[in-house]
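Novice: Below you'll find the structure I mean.
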Amino acid sequence: MSDIIDARGLSCPQPVLITLEKLKTLNQGQVVVLVDTDTSRENVLRAAATLGWQAGDIQVEGSEYRLTLKKE
């Protein structure tokens, strides 16, 4: 089961900081991040990549994004 980070309604840099905090506690796996702005989406993906996490799936749900981050 994936960990889920619900960062909807938060302004940058909060979604990035919350995501990085969680990713740093994991060596591998899958994390789902929910955000509601284009800026948060891009910043979370960029920040996760710096730790070696890759975007596995990006789903658009109305005005929100469901980002699946993976690291093996």
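Bear in mind that the values in this text are calculations on the coordinates, not laboratory data. Since the model is a prediction, treat every value here as computed from it, not as a measurement. Using ideal geometry, Cβ is built from the backbone for each residue, glycine included, and neighbour counts are taken over all protein chains shown.
Novice: Based on Cβ point charges of +1 for Lys and Arg and -1 for Asp and Glu, what charge dipole magnitude is obtained for the chain about its Cα centre, in debye rounded to the nearest 20?
Specialist: Using Cβ point charges on Lys, Arg, Asp and Glu, the chain gives about 240 debye.
Novice: Provide Rg over Rh for the chain; use the alpha carbon set for both Rg and the Kirkwood Rh (inverse mean inverse pair distance).
Specialist: 0.92
Novice: Sticking with this one: Using alpha carbons only, how many degrees (0 to 90, rounded to 10) separate the axis of helix 38-50 from the longest principal axis of the chain?
Specialist: Helix 38-50 sits roughly 10 degrees off the main axis of the chain.
Novice: Report the relative contact order of segment 3-71, percent, no decimals, based on alpha-carbon pairs under 8 angstrom and at least 6 residues apart.
Specialist: About 35 percent, as a whole number.
Novice: On a full-extension model of 0.36 nm per residue, what is the gain between Asp38 and Arg66, subtracting their alpha-carbon distance, rounded to one decimal in nm?
Specialist: Value of the extension gain: 8.9 nm.
Novice: With θ taken as phi - 60° and the coefficients 6.51, -1.76 and 1.60, list the Karplus ³J(HN,Hα) couplings across segment 60-72 in order, rounded to whole Hz; mark glycine and proline as x.
Specialist: Values per residue, Gly and Pro as x: 9, 10, x, 9, 10, 10, 10, 9, 9, 9, 10, 8, 9 Hz.
Novice: Output the 0 to 90 degree angle, nearest 10, between the alpha-carbon long axis of helix 14-24 and the longest principal axis computed from the alpha carbons of the chain.
Specialist: Compared with the principal axis, the helix lies near 10 degrees.
Novice: To continue, here is another question. Place the peptides 51-64, 31-44, 2-15 in order of packing, highest mean first, counting for every residue the other Cβ atoms within 10 Å and averaging per peptide.
Specialist: The most tightly packed comes first, giving 31-44, 2-15, 51-64.
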